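See below for the structure under consideration.
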Amino acid sequence: MKLGNAPCSWGVFYPTGNRITATGYLDAVAQAGYRVTELGPLGFLGEDAAWIAGELQARGLELAAAAHVHTLADDTSAPSLTAALDRQGRLLSALGAQHLILMDESEFYPAKAQGVVDEAGWQTAMAMIRAAQAQMASYGITLHLHPHVGTCIEREGQIDRMLAETDVTLCFDTGHHAFWDQDVLAYMDRVWDRIGFMHLKNVDAAVRARVLAGELGVNDSFNHGVMAPLETGAVDIAAVMRFLVQRRYDGYCIVEQDPPAEAQATPDSLARQNLDFLLPLIGG
């Protein structure tokens with residue numbers, strides 16, 4: 001099992017306009033003790049594979065994957081997804097990474113219809129996922145679909161249907177699954193043969209309760225700290241790690257600690273805190 005972290009833990013959700021530079025992020029994730037990273041939004045680390053490879057090697061970092069967000073239910077956006085995935089495929093192939101994580105774009109949906117699509121929208125999303133999977137396979141890269149809160153693939157019934165209608169594997173995110181008070185371990189056990197990649201997050205039970213009660217919107221909840229440090233949230237992450245060890249999972253586990261608007265701790269300290277919590281659980 002390979003533990004890593006990702007640029008989103010430092011608030012990097014877009015290629016530009018971030019509070020941390022590409023080299024600043026790479027320094028920070030390595031200094032926090034991680035030896036694996038994701039690429040971040042396409043363009044954040046640039047697209048010069050030789051430069052990226054050199055910067056990773058200089059810090060003893062391995063590239064696990066890239067994550068790509070797209071409006072899957074919008075049929076007019078298919079050409080832009082194809083173009084972006086060609087860029088991802090070329091870059092990941094040059095860097096020797098074999099995984100791409102695809103997720104729906106929550107910002108696409110209006111606040112009062114978060115994740116709501118009609119049947120035509122659902123079929124568009126499934127067609128995009130299948131096409132993206134085939135496109136990435138042409139580069140020798142495995143595509144994993146990441147169920148994400150505030151999108152059309154977030155609840156177990158939706159994930160089940162997506163798994164039935166495609167043969168794509170999951171990037172299973174513990175925090176996003178628990179967001180709607182769904183049983184993380186029970187679902188992991190049920191769909192184990194379809195999990196190809198792991199994201200580790202946790203959920204603040206009090207903030208989640210406000211969302212479930214309709215007092216707080218999905219997107220706003222992130223600024224209120226709905227994603228908690230791994231050790232303190234509603235998900236028993238220790239039990240998740242025991243499950244992975246028992247199943248002899250030998251893939252990537254990427255920590256994602258979405259920072260709230262007014263964080264009490266720095267991304268650097270949270271990254272180290274999460275790693276210190278995880279390492280004993282896997283015998284590290």
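The values are calculated or read from the model by the stated rules, or taken from the named source; none is laboratory data. These figures come from a predicted structure and were not determined experimentally. Cβ atoms come from the backbone with ideal geometry, glycine included; neighbour counts cover every protein chain shown.
What about ALA78, is it in contact (Cβ under 8 Å) with a residue 24 or more places away in the chain and surrounded by fewer than 19 Cβ atoms within 10 Å (Cβ to Cβ)? Walk me through how you get there before you give the answer.
Numbers: in contact (Cβ under 8 Å) with a residue 24 or more places away in the chain: yes; surrounded by fewer than 19 Cβ atoms within 10 Å (Cβ to Cβ): yes.
Here the answer is yes, as ALA78 does meet what is asked.
Apart from one condition, ARG190 fits all of (1) within 21 Å of MET126 (Cβ to Cβ); (2) buried (at least 16 other Cβ atoms within 10 Å of the Cβ); (3) not β-branched (Val, Ile, Thr); the exception is (2). Does THR124 satisfy the criteria of being part of a helix (DSSP H, G or I) and among the hydroxyl-bearing types (Ser, Thr, Tyr)? When the stated conditions are applied, THR124 passes them. Looking at the range 129-138 only, could you name the residues that are in contact with a strand residue (DSSP E or B) (Cβ under 6 Å, 6 or more places away or on another chain) and assigned to a loop (DSSP other than H, G, I, E, B)? Scanning the range 129-138 gives no hits.
In the range 139-154, the count of residues that are free of Cβ contacts under 8 Å to residues at least 40 places away in the same chain, in a strand (DSSP E or B) and among the β-branched types (Val, Ile, Thr) is zero. Counting only strands (runs of 3 or more DSSP E) wholly contained in the range 1-100, no element carries 2 or more residues that are among the basic types (Lys, Arg) and touching a Phe, Trp or Tyr at 6+ places or on another chain (Cβ under 6 Å). For the range 232-265, the set of residues classified as at pLDDT 95 or above, over 15 Å from the mean Cα position of the chain (by Cα) and in a loop (DSSP other than H, G, I, E, B) consists of ALA234, VAL235, ASP236, ARG247, ARG248, TYR249, ASP250, listed by residue number. Note on the range 114-146: among residues that are surrounded by 14 or more Cβ atoms within 10 Å (Cβ to Cβ) and polar (S, T, N, Q), the one that is nearest to THR76 (Cα to Cα) is THR124.
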